[in-house]
1. How far apart, in nm, are two points set 7 Å out from the Cα along the Cα-to-Cβ line at S29 and at Q107?
2. Write out the trypsin sites (Lys or Arg not before Pro) in the stretch 26-115 meeting two conditions: DSSP loop, and at most 16 other Cβ atoms within 10 Å of their Cβ.
3. Compute for the chain: radius of gyration divided by Kirkwood radius, i.e. Rg/Rh, restricted to C-alpha atoms, rounded to two decimals.
Amino acid sequence: QVQLVESGGGLVQPGGSLRLSCAASTSISSIAVMGWYRQAPGNERELVALITTSTGRIVLDSVKGRFTISRDGTKNTVNLQMNRLEPEDTAVYSCYADFAGRRYWGQGTQVTVSS
C-alpha cells in the first residue's frame, strides 16, 4: 500500500503562486506514475499533470506554461508548482499514485484563487 499526504493548498490572489506537495509513504522510484487531478464544484474531475519514473510528463493544455510537475526522490514527493494562478484554477487538488496495479489517492487540498 501507499499513503499519500498533500500539502500546500490555500487562498491566493489572481496572478499569484502556490506549490503543492504530495508525500508518499514509499520510495517514489517504485511508483510508475504520480500526478494531480482537480475538481471544481459542478465540474468533472480533470487530470492536471502527471509524471512517470522516467520523468515523462503530461500537462493539461490550460495550465501549460504556468504549472510544472516534478519528482523529488530524496524526499519521496511529487510537487506541482503553480504560477500565474487564475480564478478558473480554483478546485480541490488530489494527488494520486499508480503502484503495483492499483491507484492510490491523497485526501485532497483546496486551492482558491480569488481577490
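The numbers here are math on the coordinates, done by the rules we state, and not lab data. Source: prediction; values computed, not measured. Methodologically, a virtual Cβ is constructed for each residue, glycine included, from the backbone with ideal geometry; neighbour enumeration extends over all protein chains shown.
1. Going from the S29 label point to the Q107 one covers 3.0 nm.
2. Here the trypsin sites (Lys or Arg not before Pro) that fit, given the DSSP loop and packing criteria, are R45, K64, R66, K75, R84.
3. Values: Rg = 13.3 Å, Rh = 14.0 Å.
Value, to two decimals: 0.95.
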